[in-house]
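Down below is the structure, laid out as structure tokens.
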Amino acid sequence: MVENQNYIRFIREKVGNDLIFLNFSGGIIYNEKNEVLLQKRGDRNAWGFPGGAMELGESAEETAIREIFEETGLTVNVEHLIGIYTKYFEKYPNGGEAQTISFFFQCKPVSGELIADGTESLEVRYFSVEDFPPLFNKQHEDALKDWIANKLGNFR
């Protein structure tokens, strides 16, 4: 088993930019005003939910908690699964291609200071659902629609 190594880099060293499966996990984080936290991503210069790639040995929940902390400075409680989104394909700026499997959880912040790291997160801030900027991919859009409709346990 590969430990303490970036899993995507490990796989890409073996298969190059060929189409692969990638597993991601993230959170829809809301505050007391029912505003939702978004991150302006450094890799795409576009808005999305905090989250990232699962590493070997992690659960989807552990990945969401770790990635949210790394990208926002917040520690969260995972309240429940919004859905698992599996029918999406991405072509990355570096030429890599993947069918993504994304887990989205509803999360509540419990501690920490909201801060963008300047690399993965260029900006982090709360938005009302009515004032959302465009999201960077379809699975984030679908997770948001499901969350707004209070639909839980989705899979697509």
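The values are calculated or read from the model by the stated rules, or taken from the named source; none is laboratory data. This structure is a prediction, so every number in the text was calculated from the model and none was measured. Glycine gets a Cβ as well: all are built from the backbone with ideal geometry, and neighbour counts include every protein chain shown.
Checked against (1) farther than 22 Å from LEU22 by Cβ; (2) out of contact with any Ser or Thr (no Cβ under 7 Å at 6 or more places or on another chain), GLU97 passes all but condition (1). Scanning segment 111-136 for residues that are modelled with pLDDT under 95, over 14 Å from PRO50 (Cβ atoms) and in contact with a Gly (Cβ under 9 Å, 6 or more places away or on another chain) yields a single hit, GLY118. The sole residue among ALA116, ALA64 that is touching a Cys at 6+ places or on another chain (Cβ under 8 Å) and either crowded, with 21+ Cβ neighbours inside 10 Å or not in a strand (DSSP E or B) (or both) is ALA64. I need the full set of residues from segment 1-58 which are touching a residue at least 40 places away in the same chain (Cβ under 8 Å), charged (D, E, K, R) and outside any strand (DSSP E or B), in order please. Scanning segment 1-58 gives GLU3, ARG12, ASP18, LYS33, GLU35, ASP43, ARG44, GLU55.
Restricting attention to segment 135-155, the residues that are more than 16 Å from TYR30 (Cβ to Cβ), in a strand (DSSP E or B) and in contact with a Leu (Cβ under 9 Å, 6 or more places away or on another chain) add up to 1. Applying the selection to segment 119-156, what residues are in contact with a Ser or Thr (Cβ under 9 Å, 6 or more places away or on another chain) and exposed (fewer than 15 other Cβ atoms within 10 Å of the Cβ)? If the condition is that a residue be in contact with a Ser or Thr (Cβ under 9 Å, 6 or more places away or on another chain) and exposed (fewer than 15 other Cβ atoms within 10 Å of the Cβ), then PHE155, ARG156 are the ones that fit.
Looking across segment 91-113, just one residue is within 28 Å of ASN150 (Cα to Cα), among the small types (Gly, Ala, Ser) and crowded, with 17+ Cβ neighbours inside 10 Å, and that is SER102. A Cβ distance below 8 Å, combined with a sequence gap of six or more or placement on separate chains, defines the contacts here; from segment 99-121, residues that are under 11 Å from GLN39 (Cα atoms) and touching a residue at least 12 places away in the same chain (Cβ under 8 Å) reach residues that are in a strand (DSSP E or B) and among the β-branched types (Val, Ile, Thr) in the pairs LEU114/VAL124; ILE115/VAL124; ALA116/VAL124. Note on segment 137-156: residues that are aliphatic (A, V, I, L, M) and more than 15 Å from GLY51 (Cα to Cα) amount to 3. Residues that are surrounded by 12 or more Cβ atoms within 10 Å (Cβ to Cβ), under 17 Å from GLU71 (Cβ atoms) and either polar (S, T, N, Q) or over 16 Å from the mean Cα position of the chain (by Cα) (or both) within segment 32-50 comprise just one, GLN39. Residue check: THR75 meets all listed conditions (1) surrounded by 17 or more Cβ atoms within 10 Å (Cβ to Cβ); (2) under 16 Å from the mean Cα position of the chain (by Cα) but one, namely (1).
Based on this model, can you work out whether PHE105 counts as in contact with a strand residue (DSSP E or B) (Cβ under 6 Å, 6 or more places away or on another chain), over 20 Å from ASN6 (Cα atoms), modelled with pLDDT under 95 and not hydroxyl-bearing (Ser, Thr, Tyr)? Judged against the criteria, PHE105 is not a match. Looking across segment 117-139 at every residue that is among the small types (Gly, Ala, Ser) and more than 15 Å from the chain's Cα centre (by Cα), the one that is farthest from PHE69 (Cα to Cα) is identified as SER128.
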